[in-house]
């Protein structure tokens with residue numbers, strides 16, 4: 001880990017610069033994108049994604065409070081963070097932050113979440129849905145913004161196979177370590193994945209034969225959905241690998257990989273992403289009724305949780321990840337967002353425990369600071 005990255009992040013946070021820091025899975029170097037302008041560029045469905053360059057952030061559902069946006073690379077450092085860069089960052093002028101307007105997501109009790117799951121299971125058993133993915137918020141009190149550089153470094157060390165990021169767009173500060181690619185492109189090849197189902201890591205769970213029908217079906221729904229999107233865009237020569245188990249920190253997931261040529265999406269990248277996201281891994285099936293149910297029953301706005309983010313057009317790469325295992329950084333607390341897929345066979349207590357296990361991805365790091 002670069003010895004100056006924590007210091008660089010701390011300066012960006014302290015000066016309230018618009019920036020993003022990220023470390024790709026199984027890479028050593030952190031990249032830093034810093035914008036000198038005073039407001040981020042809002043991105044809409046009409047934008048040409050093939051020409052975008054910067055750090056792209058898209059919410060779960062676009063709202064006035066949380067639009068899709070691009071942090072533009074007025075300063076882009078894709079290799080070593082140097083002492084000279086630290087000095088240059090200190091000269092940049094940030095923007096004024098208004099914490100009073102920052103929304104604090106609402107936390108629900110265990111009893112309330114269990115009742116929500118029971119309600120969803122009843123709907124599924126009645127045939128209204130195949131799968132629904134509710135989420136909840138877990139609040140951690142404390143002032144953590146000054147230590148975000150340290151937290152970022154700890155996440156990088158703890159989760160080398162995750163996409164670790166931190167961004168500040170002037171109104172929102174988020175940090176996370178996501179295990180789930182949405183769309184990757186390098187050297188003319190694109191890849192998307194179907195990722196669903198969660199178990200604690202163990203040698204026994206690494207064997208896909210140990211997974212039950214509920215977990216396999218949860219992942220199969222996502223695989224079918226992505227297959228339909230790919231068919232709708234008439235993508236040819238698609239290589240499919242899986243499902244198999246993949247390790248993500250202290251967890252395991254079921255995963256299927258889809259690989260195809262980048263040229264097959266030329267001029268259609270934005271449209272493809274718009275149809276691909278959100279997948280049933282973060283929303284449900286069928287899509288529109290599941291989305292409506294979540295909007296009605298979840299007491300919090302998801303904001304950028306379960307959206308997607310990452311570098312686009314930087315170093316000739318596209319590396320977009322679903323924003324999972326993440327938290328919103330507020331002045332005096334952290335808001336962790338966690339969720340899980342519900343099917344007809346879901347047991348509410350087990351689903352609660354799955355969210356607790358997922359929350360530990362970040363909480364295990366936070367607890368080391370105390």
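Sort region 254-370 into rounded, prolate or oblate with this rule: let a ≥ b ≥ c be the square roots of the eigenvalues of the Cα gyration tensor; rounded if a/c is under 1.5, and if a/c is not under 1.5, prolate when a/b is larger than b/c, oblate otherwise. If you can, show how the numbers build up before the last one.
Values: a/c = 1.89, a/b = 1.31, b/c = 1.44.
Here region 254-370 falls in the oblate category.
Which of the peptides 13-25, 129-141 is most tightly packed, and how do the rest follow, going by the mean number of other Cβ atoms within 10 Å of each residue? Can you show the working numbers first?
On the way: 13-25: 21.6, 129-141: 20.0.
Going by the mean number of other Cβ atoms within 10 Å, highest first, we get 13-25, 129-141.
Using a/c under 1.5 as the rounded threshold, could you call region 139-214 rounded, prolate or oblate? The axes a ≥ b ≥ c are square roots of the C-alpha gyration tensor eigenvalues, and prolate needs a/b larger than b/c, oblate otherwise.
Working: a/c = 2.34, a/b = 1.45, b/c = 1.61.
Oblate.
Give the separation of the Cα centroids, region 42-77 to region 190-253, in Å.
28
Sum -39500 (n - 2.57) across every DSSP H segment of at least 4 residues in the chain, then divide by the residue count to get the 222 nm mean residue ellipticity, nearest 500. Mind showing how you got there, number by number?
Values: 8 runs with 105 residues, N = 370.
Estimated from H runs of four or more residues: -9000 deg cm²/dmol.
Of all the Cα-Cα pairs you can form in region 277-317, what percent are over 17 Å apart?
Working: 348 of 820 pairs.
That tail contains 42 percent of the Cα-Cα pairs.
To test your reading of the geometry: what angle, between 0 and 90 degrees and rounded to tens, separates the Cα axis of helix 148-158 from the longest principal axis of the chain?
Computed tilt is about 50 degrees.
Taking a ≥ b ≥ c as the square roots of the eigenvalues of the Cα gyration tensor of region 46-162, is the shape rounded (a/c under 1.5), prolate (a/b larger than b/c) or oblate?
On the way: a/c = 2.16, a/b = 1.75, b/c = 1.23.
Prolate is the answer for region 46-162, as a/c is 1.5 or above and a/b outweighs b/c.
In vacuo Debye scattering of region 303-370, one point per C-alpha: log10 I(q)/I(0) at q = 0.11 Å⁻¹?
Computed log10 I(q)/I(0) values: -0.39.
Give the angle, between 0 and 90 degrees and rounded to the nearest 10, that separates the Cα long axis of helix 110-125 from the longest principal axis of the Cα atoms of the chain.
Relative to the chain, helix 110-125 is tipped by roughly 50 degrees.
Against the globular-protein guess of 2.2 N^0.38 Å, express the Cα radius of gyration of the chain as a ratio, rounded to two decimals. List each step's numbers first, then the result.
Values: Rg = 19.8 Å, N = 370, 2.2 N^0.38 = 20.8 Å.
Here the answer is 0.95, to two decimals.
May I ask for the angle, rounded to the nearest 10°, between helix 348-367 and the longest principal axis of the chain, with both axes built from Cα atoms and the value confined to 0 to 90°?
Its long axis makes an angle of about 20 degrees.
List the pair-distance distribution P(r) of region 118-263, using every Cα-Cα distance, as the percent of pairs falling in each 5 Å bin from 0 up to the bin containing the longest distance, rounded to whole percents.
Binned Cα distances yield the sequence 2, 8, 13, 15, 16, 16, 14, 10, 4, 1, 0.
Only the coordinates and a few stated rules stand behind these numbers; no lab work does. None of these values were measured; they are calculated from a predicted model. Cβ sites come from the backbone with ideal geometry, for glycine too, and all protein chains shown count toward neighbours.
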